[in-house]
1. Using a 10 angstrom cutoff on alpha carbons, build the Gaussian network for the chain and name the most mobile of GLY28, GLY15, GLY36.
2. How big is Rg to Rh over the range 21-75, alpha-carbon atoms, Rh as the Kirkwood inverse-mean-distance radius?
Amino acid sequence: MTLATTEPGLQVFDGHNLGLPRYPSNDGPPHRAYAGLALEAQFWPDAPNNPSFPSILLRPGADWRQITEWRFSRP
């Protein structure tokens, strides 16, 4: 799997809290911790509070475009 993106960061959610009561399954047994994985290309989450991070400022009327491409292959 290859990820190509215009974004400077990658948010990774490993499902560590899926086993908590607030995440019941819709149709079957409840989800267990680490039962899922999410990868989301994005700006760095705390960028507004960290001047050393890339800026996420978008001025009124300005356009913003994000491109993320996933490539899957087999050896």
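Where a number appears in this text, it was derived from the coordinates with a stated rule and is not lab data. All values derive from a computational prediction rather than experimental measurement.
1. Greatest mean-square fluctuation among the candidates belongs to GLY28.
2. Taking Rg over the Kirkwood Rh, I get 1.14.
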